[in-house]
Amino acid sequence: MTTRASRKSKATSSVACRPLGGLPGPRSGRLHNVEIGKQPAPPPLMRALASLPAGRLGAGVVAVGSMLLIWHVMSLYFRPWVPDIGATLTAIGQQLQSPGFWDNFVLTLGRVLTAFVAASVVGAAIGLLIGLNERAEAFFQPLLALALAVPDPVYIIFAILALGTGETAGFVALTIAVVPFVTNIVRSNVHARDRALDEMAQIYHLPRPVRLMAVLVPQLVPALLTAMRFSFALSWKLVVVVEAIGQPNGIGSAIFHSFRQLRMREVAAIAIIFIITMQLLERGVLGRIEKRLLRWRD
């Protein structure tokens, strides 16, 4: 009995494992004018995008091309408020050859760097104090929440009303407007630090300066770099607003003066030159500093 059962099971398994020759293979032909078994050809736009270089370069090309296309369409439908690309490029060349533009540019750049350094230093110091001292946090927390909720132009208007339209008003307004954001970034990262390293430093009785420079600061380097980049990006935008509202010179004042005279090509030209320069400074200078300080991560 056992032998017969084993023979039947072997026969059944051999039949089950036999290839099924009766099943039909993949059909070929056409169904609704589409060849079966073949993918339809991609549209021309997708083929053009697929031929672009991969990575950031391809994405950048697509982004710039899209912006130029939108700009061209808007210049056709919203003339003369949106100048065309050719006229704007001509105005950019004229501004680059103008001594008055470079005087305003140097003046605005000095204001940006001054506000950036002051806001970064003061904001980082207050953030460290709040993050490391509970009493300081209890005192500054309501003020910080209020300062973050106030719109930036409010600081500018009150500074101009209180101090006039001189350099001091702009410097104070910019510093007060940027400091809360830097403080909040540094404070949050101080709270998120590794407490085990603090306990180790306490066990080994390290002095306070050593704890600060060897234990705390290396953990805060990414946060400080982020705060610096944010401070710089916010500073140059607010400097232009301050100059447009209450300064007789500078890039913001030149943009506002051209706008009042409805010379939109000059407005676009000055804005484009200044924005590109600030982006180059942020990515070229601050980006290199960030890579150098964070080499240990690689």
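Tell me, which residue of region 226-245 that is out of contact with any Ser or Thr (no Cβ under 7 Å at 6 or more places or on another chain) and of a type in the set (D, E, K, R) is nearest to I270 (Cα to Cα)? Looking at residues that are out of contact with any Ser or Thr (no Cβ under 7 Å at 6 or more places or on another chain) and of a type in the set (D, E, K, R), I get K237.
Residue count for region 137-154 satisfying the condition of being part of a helix (DSSP H, G or I) and either within 20 Å of L238 (Cβ to Cβ) or aliphatic (A, V, I, L, M) (or both): 11. Taking residues in region 234-247 that are over 16 Å from L113 (Cβ atoms) and touching a residue at least 40 places away in the same chain (Cβ under 8 Å), and partners anywhere that are outside any helix (DSSP H, G or I) and open to solvent by 10 Å² or more (accessible area, probe 1.4 Å), the pairs with Cβ atoms closer than 6 Å and at least 6 places apart or on different chains are G246/T165.
R229 falls short of the stated requirement of being open to solvent by 10 Å² or more (accessible area, probe 1.4 Å) and either of a type in the set (A, V, I, L, M, F, W, C) or at pLDDT below 85 (or both). For region 278-298, the set of residues classified as free of Cβ contacts under 8 Å to residues at least 24 places away in the same chain and not in a loop (DSSP other than H, G, I, E, B) consists of Q279, L280, R283, G284, V285, G287, R288, K291, R292, R295, W296, R297, listed by residue number.
Sort out which residues of region 174-198 are of a type in the set (A, V, I, L, M) and surrounded by fewer than 16 Cβ atoms within 10 Å (Cβ to Cβ), and write them in order of number.
Quick first cut of region 174-198, residues of a type in the set (A, V, I, L, M) only: 174, 176-179, 182, 185-186, 190, 192, 196-197.
If the condition is that a residue be of a type in the set (A, V, I, L, M) and surrounded by fewer than 16 Cβ atoms within 10 Å (Cβ to Cβ), then A192, A196, L197 are the ones that fit.
Restricting G110, G93, G170 to residues that are under 30 Å from F256 (Cβ atoms), at pLDDT below 85 and assigned to a helix (DSSP H, G or I) narrows the list to G170.
Kindly indicate which of A214, A223, A201, A162 is open to solvent by 60 Å² or more (accessible area, probe 1.4 Å), part of a helix (DSSP H, G or I), over 30 Å from L107 (Cβ atoms) and not acidic (D, E).
On the way: A223 fails: open to solvent by 60 Å² or more (accessible area, probe 1.4 Å); A201 fails: open to solvent by 60 Å² or more (accessible area, probe 1.4 Å); A162 fails: over 30 Å from L107 (Cβ atoms).
When all the criteria are applied, what remains is A214.
The values are calculated or read from the model by the stated rules, or taken from the named source; none is laboratory data. Note that the coordinates shown come from a computational prediction; the quantities given were computed from them, not determined experimentally. Here the Cβ is made from the backbone with ideal geometry for all residues, glycine too, and neighbour counts use every protein chain on show. Calculation scope for accessible area: heavy atoms of the full protein, side chains included, ligands and nucleic acids excluded. Shrake-Rupley method; radii C 1.70, N 1.55, O 1.52, S 1.80 Å.
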